[in-house]
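The structure appears right after this line, and notes come after that.
The values are calculated or read from the model by the stated rules, or taken from the named source; none is laboratory data. What you see is a predicted model; the values in this text were computed from it and never measured. Cβ: placed from backbone, ideal geometry, glycine included. Neighbour counts: every protein chain shown.
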Amino acid sequence: MAKSLAILTSGGDSAGMNPAVKCAAEYASQKGYDTHLVYDGLRGLIADNIVPTTREQISGILHRGGTMLRSSRSPEFFDYDVRLQAYENLKRRGIEKLIVIGGDGSFRALNQFYSDFGIPFAGIPATIDNDIAGTDYCLGVDTALNVIRESVDSIRDTASSFSRAFVIEVMGRHCGYLALTTALACGAEICLVPEMPYNLDTIGARIKHDIANGRRYVLAVVAEGTKMGDYLTRWINDSIGMEARLTVLGHVQRGGSPSVHDRIMAYKFAVAAVDALEAGQTNSVMVYRAGAYGFLPIQSVTDSKYQLDPALLRLAGPLAS
Ligand code: F6P
(Lines give C-alpha, C1' and ligand atoms only; values in the text may rest on other atoms or scores of the structure.)
Protein backbone atom coordinates (compact mmCIF):
# COMPACT_ATOMS: atom_id res chain seq x y z
CA MET A 1 0.00 0.00 0.00
CA ALA A 2 1.30 3.49 -0.87
CA LYS A 3 2.31 5.82 1.94
CA SER A 4 -0.30 8.45 2.58
CA LEU A 5 -0.34 11.87 4.22
CA ALA A 6 -2.75 14.79 4.49
CA ILE A 7 -2.06 18.52 4.60
CA LEU A 8 -4.08 21.11 6.50
CA THR A 9 -3.88 24.76 7.47
CA SER A 10 -5.09 25.74 10.92
CA GLY A 11 -5.58 28.87 13.06
CA GLY A 12 -5.11 32.41 11.74
CA ASP A 13 -4.38 32.45 8.02
CA SER A 14 -1.09 33.92 6.83
CA ALA A 15 0.53 34.62 3.49
CA GLY A 16 2.78 31.72 2.55
CA MET A 17 0.29 29.01 3.49
CA ASN A 18 -0.67 28.39 -0.15
CA PRO A 19 2.90 27.96 -1.44
CA ALA A 20 3.55 25.66 1.53
CA VAL A 21 0.51 23.50 0.67
CA LYS A 22 1.50 23.33 -2.98
CA CYS A 23 5.13 22.47 -2.32
CA ALA A 24 4.33 19.93 0.42
CA ALA A 25 1.84 18.13 -1.86
CA GLU A 26 4.22 18.09 -4.82
CA TYR A 27 7.32 17.10 -2.85
CA ALA A 28 5.49 14.39 -0.87
CA SER A 29 4.18 12.98 -4.13
CA GLN A 30 7.75 12.86 -5.50
CA LYS A 31 8.67 10.92 -2.36
CA GLY A 32 6.00 8.33 -3.12
CA TYR A 33 3.13 9.56 -0.94
CA ASP A 34 -0.52 9.64 -1.85
CA THR A 35 -1.50 13.07 -0.60
CA HIS A 36 -4.82 14.44 0.63
CA LEU A 37 -5.98 17.96 1.39
CA VAL A 38 -8.04 18.76 4.48
CA TYR A 39 -10.36 21.74 4.02
CA ASP A 40 -11.40 24.03 6.93
CA GLY A 41 -8.54 23.14 9.28
CA LEU A 42 -9.23 20.99 12.35
CA ARG A 43 -12.95 21.44 11.78
CA GLY A 44 -12.53 19.75 8.39
CA LEU A 45 -10.60 16.90 9.96
CA ILE A 46 -13.59 16.31 12.23
CA ALA A 47 -16.21 16.79 9.49
CA ASP A 48 -14.29 14.60 7.03
CA ASN A 49 -13.76 17.43 4.61
CA ILE A 50 -10.79 15.58 3.14
CA VAL A 51 -10.08 14.98 -0.53
CA PRO A 52 -7.28 13.39 -2.56
CA THR A 53 -5.01 16.08 -4.03
CA THR A 54 -5.56 16.89 -7.68
CA ARG A 55 -3.38 19.00 -9.93
CA GLU A 56 -6.22 21.49 -10.31
CA GLN A 57 -6.48 22.14 -6.56
CA ILE A 58 -2.85 23.09 -6.15
CA SER A 59 -2.47 25.04 -9.40
CA GLY A 60 -2.65 28.83 -9.50
CA ILE A 61 -2.57 29.21 -5.71
CA LEU A 62 1.04 30.19 -5.13
CA HIS A 63 0.50 33.92 -5.43
CA ARG A 64 -2.70 34.05 -3.40
CA GLY A 65 -2.90 35.28 0.20
CA GLY A 66 -4.84 33.49 2.91
CA THR A 67 -5.26 29.76 2.53
CA MET A 68 -7.12 28.00 -0.27
CA LEU A 69 -7.65 25.12 2.17
CA ARG A 70 -9.48 27.57 4.43
CA SER A 71 -8.90 27.53 8.18
CA SER A 72 -10.65 27.54 11.53
CA ARG A 73 -10.05 27.80 15.24
CA SER A 74 -11.65 24.65 16.67
CA PRO A 75 -11.95 24.48 20.46
CA GLU A 76 -14.14 21.36 20.02
CA PHE A 77 -10.92 19.47 19.16
CA PHE A 78 -10.16 19.43 22.91
CA ASP A 79 -12.95 16.86 23.25
CA TYR A 80 -11.66 13.26 22.98
CA ASP A 81 -14.76 11.96 21.19
CA VAL A 82 -14.39 14.67 18.58
CA ARG A 83 -10.76 13.72 18.04
CA LEU A 84 -11.79 10.07 17.75
CA GLN A 85 -14.14 11.08 14.96
CA ALA A 86 -11.24 12.81 13.18
CA TYR A 87 -9.06 9.73 13.64
CA GLU A 88 -11.70 7.46 12.14
CA ASN A 89 -11.93 9.73 9.11
CA LEU A 90 -8.18 9.42 8.55
CA LYS A 91 -8.13 5.66 9.19
CA ARG A 92 -10.94 5.03 6.71
CA ARG A 93 -8.90 6.81 4.05
CA GLY A 94 -5.61 5.14 4.99
CA ILE A 95 -4.00 8.47 5.91
CA GLU A 96 -1.08 7.82 8.26
CA LYS A 97 0.60 11.21 8.69
CA LEU A 98 -0.27 14.90 8.77
CA ILE A 99 1.41 18.13 7.82
CA VAL A 100 -0.12 21.05 9.69
CA ILE A 101 0.61 24.64 8.69
CA GLY A 102 -0.30 27.03 11.50
CA GLY A 103 0.59 28.35 14.94
CA ASP A 104 1.57 26.72 18.22
CA GLY A 105 -2.06 26.25 19.30
CA SER A 106 -2.57 24.03 16.26
CA PHE A 107 0.65 22.13 16.99
CA ARG A 108 -0.53 21.47 20.57
CA ALA A 109 -3.83 20.13 19.26
CA LEU A 110 -2.07 17.82 16.79
CA ASN A 111 0.30 16.65 19.51
CA GLN A 112 -2.67 15.63 21.65
CA PHE A 113 -4.02 13.82 18.59
CA TYR A 114 -0.66 12.04 18.22
CA SER A 115 -0.72 10.99 21.89
CA ASP A 116 -4.25 9.63 21.49
CA PHE A 117 -3.98 7.78 18.18
CA GLY A 118 -0.32 7.72 17.11
CA ILE A 119 -0.80 9.81 13.96
CA PRO A 120 2.58 11.51 13.39
CA PHE A 121 2.60 15.13 12.29
CA ALA A 122 5.08 17.75 11.14
CA GLY A 123 4.26 21.39 11.92
CA ILE A 124 5.14 24.31 9.67
CA PRO A 125 5.19 27.60 11.61
CA ALA A 126 2.82 30.10 9.99
CA THR A 127 1.53 33.16 11.81
CA ILE A 128 2.03 36.87 11.28
CA ASP A 129 2.66 37.15 15.04
CA ASN A 130 6.13 35.53 14.73
CA ASP A 131 5.65 34.22 18.26
CA ILE A 132 6.62 30.55 17.98
CA ALA A 133 9.52 29.54 20.24
CA GLY A 134 12.54 27.92 18.59
CA THR A 135 12.18 29.51 15.15
CA ASP A 136 13.35 32.94 14.02
CA TYR A 137 10.70 33.01 11.31
CA CYS A 138 7.05 32.08 10.75
CA LEU A 139 5.37 32.15 7.34
CA GLY A 140 3.46 35.35 6.65
CA VAL A 141 5.60 37.73 8.69
CA ASP A 142 7.47 39.32 5.78
CA THR A 143 4.27 39.87 3.80
CA ALA A 144 2.51 41.35 6.84
CA LEU A 145 5.43 43.66 7.55
CA ASN A 146 5.37 44.93 3.99
CA VAL A 147 1.61 45.61 4.19
CA ILE A 148 2.15 47.44 7.48
CA ARG A 149 5.13 49.39 6.13
CA GLU A 150 3.09 50.61 3.20
CA SER A 151 0.24 51.68 5.50
CA VAL A 152 2.55 53.51 7.91
CA ASP A 153 4.33 55.28 5.04
CA SER A 154 0.89 56.45 3.80
CA ILE A 155 -0.14 57.62 7.25
CA ARG A 156 3.10 59.58 7.50
CA ASP A 157 1.94 61.60 4.46
CA THR A 158 -1.12 62.81 6.37
CA ALA A 159 0.76 63.20 9.66
CA SER A 160 3.31 65.47 8.00
CA SER A 161 0.73 67.40 5.95
CA PHE A 162 -1.49 68.06 8.97
CA SER A 163 1.14 68.33 11.71
CA ARG A 164 -0.59 65.57 13.61
CA ALA A 165 0.38 62.60 15.70
CA PHE A 166 -0.73 59.14 14.60
CA VAL A 167 -0.80 56.10 16.82
CA ILE A 168 -0.81 52.94 14.72
CA GLU A 169 -1.86 49.72 16.40
CA VAL A 170 -0.53 46.54 14.81
CA MET A 171 -1.41 42.90 15.43
CA GLY A 172 0.78 40.28 17.08
CA ARG A 173 -1.46 39.02 19.88
CA HIS A 174 0.89 39.02 22.94
CA CYS A 175 4.05 39.43 20.87
CA GLY A 176 5.65 42.76 19.94
CA TYR A 177 7.65 41.56 16.94
CA LEU A 178 5.53 43.26 14.26
CA ALA A 179 5.38 46.53 16.21
CA LEU A 180 9.07 46.62 17.02
CA THR A 181 10.20 45.85 13.49
CA THR A 182 7.70 48.32 12.00
CA ALA A 183 8.72 51.12 14.37
CA LEU A 184 12.36 50.71 13.36
CA ALA A 185 11.70 50.26 9.63
CA CYS A 186 9.29 53.21 9.46
CA GLY A 187 11.17 55.62 11.70
CA ALA A 188 8.53 55.97 14.42
CA GLU A 189 9.20 58.24 17.39
CA ILE A 190 7.42 56.01 19.91
CA CYS A 191 7.07 52.23 20.16
CA LEU A 192 5.26 50.29 22.86
CA VAL A 193 5.44 46.48 22.98
CA PRO A 194 4.61 44.06 25.81
CA GLU A 195 8.23 42.87 26.08
CA MET A 196 9.78 46.29 26.74
CA PRO A 197 9.18 48.61 29.72
CA TYR A 198 8.14 52.12 28.72
CA ASN A 199 8.04 55.45 30.50
CA LEU A 200 5.49 58.02 29.35
CA ASP A 201 7.14 60.80 31.38
CA THR A 202 10.46 60.48 29.60
CA ILE A 203 8.76 59.90 26.23
CA GLY A 204 6.74 63.10 26.83
CA ALA A 205 9.82 65.13 27.74
CA ARG A 206 11.68 63.85 24.67
CA ILE A 207 8.85 64.59 22.25
CA LYS A 208 8.25 68.07 23.72
CA HIS A 209 11.97 68.80 23.38
CA ASP A 210 11.83 67.63 19.74
CA ILE A 211 8.77 69.82 19.08
CA ALA A 212 10.59 72.82 20.55
CA ASN A 213 13.37 72.01 18.08
CA GLY A 214 11.11 71.85 15.03
CA ARG A 215 9.38 68.45 15.08
CA ARG A 216 5.98 68.91 13.46
CA TYR A 217 4.46 65.43 13.63
CA VAL A 218 4.78 62.15 15.51
CA LEU A 219 4.36 58.51 14.60
CA ALA A 220 3.80 55.97 17.35
CA VAL A 221 3.56 52.21 16.76
CA VAL A 222 1.92 50.11 19.46
CA ALA A 223 1.50 46.35 19.67
CA GLU A 224 -2.10 45.25 20.23
CA GLY A 225 -0.84 43.22 23.22
CA THR A 226 -0.13 46.43 25.17
CA LYS A 227 -3.78 47.58 24.89
CA MET A 228 -2.35 51.10 24.88
CA GLY A 229 -3.64 52.40 21.52
CA ASP A 230 -6.57 54.46 22.87
CA TYR A 231 -4.78 55.67 25.95
CA LEU A 232 -1.64 56.75 24.12
CA THR A 233 -3.68 58.67 21.55
CA ARG A 234 -5.52 60.63 24.28
CA TRP A 235 -2.28 61.10 26.17
CA ILE A 236 -0.53 62.64 23.14
CA ASN A 237 -3.51 64.98 22.65
CA ASP A 238 -3.71 66.01 26.27
CA SER A 239 -0.14 65.83 27.57
CA ILE A 240 1.87 66.71 24.48
CA GLY A 241 -0.77 69.03 23.07
CA MET A 242 -0.58 67.64 19.53
CA GLU A 243 -3.76 66.60 17.71
CA ALA A 244 -3.64 62.79 17.57
CA ARG A 245 -5.49 60.05 15.72
CA LEU A 246 -5.52 56.28 16.23
CA THR A 247 -5.36 53.86 13.30
CA VAL A 248 -5.98 50.21 14.12
CA LEU A 249 -4.65 48.37 11.07
CA GLY A 250 -6.57 45.17 11.86
CA HIS A 251 -6.98 42.26 9.48
CA VAL A 252 -5.54 44.08 6.47
CA GLN A 253 -2.21 42.91 7.92
CA ARG A 254 -3.03 39.22 7.47
CA GLY A 255 -3.83 39.32 3.77
CA GLY A 256 -2.04 39.98 0.52
CA SER A 257 -0.05 38.04 -2.02
CA PRO A 258 2.87 36.28 -0.32
CA SER A 259 6.19 38.11 -0.71
CA VAL A 260 9.09 36.39 -2.48
CA HIS A 261 10.61 35.70 0.93
CA ASP A 262 7.44 34.00 2.18
CA ARG A 263 7.17 31.86 -0.95
CA ILE A 264 10.75 30.61 -0.70
CA MET A 265 10.49 30.07 3.06
CA ALA A 266 7.27 28.12 2.44
CA TYR A 267 9.06 25.78 0.02
CA LYS A 268 11.93 25.20 2.42
CA PHE A 269 9.65 24.51 5.39
CA ALA A 270 7.47 22.21 3.27
CA VAL A 271 10.44 20.14 2.10
CA ALA A 272 11.75 19.98 5.68
CA ALA A 273 8.33 18.78 6.92
CA VAL A 274 8.08 15.94 4.37
CA ASP A 275 11.71 14.95 5.05
CA ALA A 276 11.08 14.94 8.82
CA LEU A 277 8.09 12.60 8.42
CA GLU A 278 10.07 10.46 6.01
CA ALA A 279 12.90 10.23 8.54
CA GLY A 280 10.46 8.90 11.15
CA GLN A 281 9.86 12.08 13.17
CA THR A 282 6.53 11.76 14.90
CA ASN A 283 5.72 15.14 16.42
CA SER A 284 8.11 17.88 15.39
CA VAL A 285 7.96 21.50 14.31
CA MET A 286 10.05 22.89 11.46
CA VAL A 287 12.28 25.77 12.50
CA TYR A 288 14.62 28.27 10.93
CA ARG A 289 17.35 29.37 13.31
CA ALA A 290 20.51 31.35 12.70
CA GLY A 291 20.24 30.74 8.97
CA ALA A 292 19.64 26.98 9.14
CA TYR A 293 16.51 24.83 8.64
CA GLY A 294 15.74 21.95 10.94
CA PHE A 295 13.09 20.70 13.31
CA LEU A 296 12.50 20.62 17.03
CA PRO A 297 10.47 18.24 19.15
CA ILE A 298 7.06 19.77 19.85
CA GLN A 299 7.72 20.00 23.61
CA SER A 300 10.67 22.33 23.23
CA VAL A 301 8.46 24.62 21.12
CA THR A 302 5.34 24.61 23.28
CA ASP A 303 7.11 24.62 26.65
CA SER A 304 9.09 27.78 25.99
CA LYS A 305 8.20 31.35 25.16
CA TYR A 306 9.37 33.11 22.02
CA GLN A 307 12.03 35.69 22.88
CA LEU A 308 12.43 38.85 20.84
CA ASP A 309 15.88 39.42 19.38
CA PRO A 310 17.81 41.40 22.05
CA ALA A 311 19.53 43.43 19.30
CA LEU A 312 16.10 44.60 18.04
CA LEU A 313 15.05 45.45 21.59
CA ARG A 314 18.24 47.46 22.11
CA LEU A 315 17.65 49.38 18.87
CA ALA A 316 14.05 50.17 19.78
CA GLY A 317 14.72 50.89 23.46
CA PRO A 318 15.04 54.68 22.93
CA LEU A 319 11.53 54.73 21.40
CA ALA A 320 10.04 53.63 24.73
CA SER A 321 11.82 56.18 26.93
O1 F6P B 1 -2.67 35.14 15.36
C2 F6P B 1 -2.89 35.98 14.26
C3 F6P B 1 -3.81 37.11 14.65
O4 F6P B 1 -4.03 37.90 13.51
C5 F6P B 1 -3.33 37.98 15.84
O6 F6P B 1 -2.34 38.90 15.46
C7 F6P B 1 -4.62 38.60 16.29
O8 F6P B 1 -4.55 38.96 17.64
C9 F6P B 1 -5.61 37.49 16.06
O10 F6P B 1 -5.04 36.61 15.09
C11 F6P B 1 -6.96 37.94 15.56
O12 F6P B 1 -7.77 36.82 15.55
P13 F6P B 1 -9.15 36.73 14.75
O14 F6P B 1 -8.84 36.76 13.29
O15 F6P B 1 -9.74 35.46 15.21
O16 F6P B 1 -9.92 37.96 15.15
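Some notes on this structure:
- The set of residues in region 151-177 being of a type in the set (Asp, Glu) and in contact with a helix residue (DSSP H, G or I) (Cβ under 9 Å, 6 or more places away or on another chain) consists of Glu169 alone.
- Residues located in region 68-91, provided they are more than 16 Å from the ligand (Cβ to nearest atom), assigned to a helix (DSSP H, G or I) and without any contact (Cβ under 8 Å) to a residue 12 or more places away in the chain: Asp81, Glu88, Lys91
- Test: residue in region 284-302 that is among the basic types (Lys, Arg) and either within 30 Å of Asp157 (Cα to Cα) or more than 19 Å from the chain's Cα centre (by Cα) (or both): no
- Residue match in region 208-218 (condition: within 16 Å of the ligand (Cβ to nearest atom) and touching a residue at least 24 places away in the same chain (Cβ under 8 Å)): no
- A search for C-beta distances below 9 Å between a residue of region 45-64 that is surrounded by fewer than 17 Cβ atoms within 10 Å (Cβ to Cβ) and any residue that is part of a strand (DSSP E or B), counting only pairs 6+ apart in sequence or on different chains, returns Val51/His36; Val51/Leu37; Val51/Val38; Pro52/Asp34; Pro52/Thr35; Pro52/His36; Pro52/Leu37; Thr54/Leu37.
Residue-wise test of (1) within 11 Å of Ala165 (Cβ to Cβ); (2) among the aromatic types (Phe, Trp, Tyr); (3) surrounded by 20 or more Cβ atoms within 10 Å (Cβ to Cβ).
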{"site": "Thr202", "(1), (2), (3)": "no, no, no"}
{"site": "Arg206", "(1), (2), (3)": "no, no, no"}
{"site": "Ile211", "(1), (2), (3)": "yes, no, no"}
{"site": "Ala220", "(1), (2), (3)": "yes, no, yes"}
{"site": "Glu243", "(1), (2), (3)": "yes, no, no"}
{"site": "Gly256", "(1), (2), (3)": "no, no, no"}
{"site": "Asp262", "(1), (2), (3)": "no, no, yes"}
{"site": "Met265", "(1), (2), (3)": "no, no, yes"}
{"site": "Ala270", "(1), (2), (3)": "no, no, yes"}
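- Any chance Ala2 is at pLDDT below 95 and either acidic (Asp, Glu) or out of contact with any helix residue (DSSP H, G or I) (no Cβ under 6 Å at 6 or more places or on another chain) (or both): yes
- Taken as a whole, the structure leaves Ala188 outside the set of residues that are over 15 Å from Ile236 (Cβ atoms), crowded, with 20+ Cβ neighbours inside 10 Å and out of contact with any Phe, Trp or Tyr (no Cβ under 9 Å at 6 or more places or on another chain).
- Remark: Lys227 matches the filter, which requires a residue to be within 16 Å of the ligand (Cβ to nearest atom), more than 30 Å from Leu98 (Cβ to Cβ) and not assigned by TED's automatic domain parsing to the domain that holds Phe113.
- Test: residue in region 13-32 that is surrounded by fewer than 19 Cβ atoms within 10 Å (Cβ to Cβ), under 30 Å from Gly172 (Cα atoms), among the charged types (D, E, K, R) and in contact with a strand residue (DSSP E or B) (Cβ under 9 Å, 6 or more places away or on another chain): no
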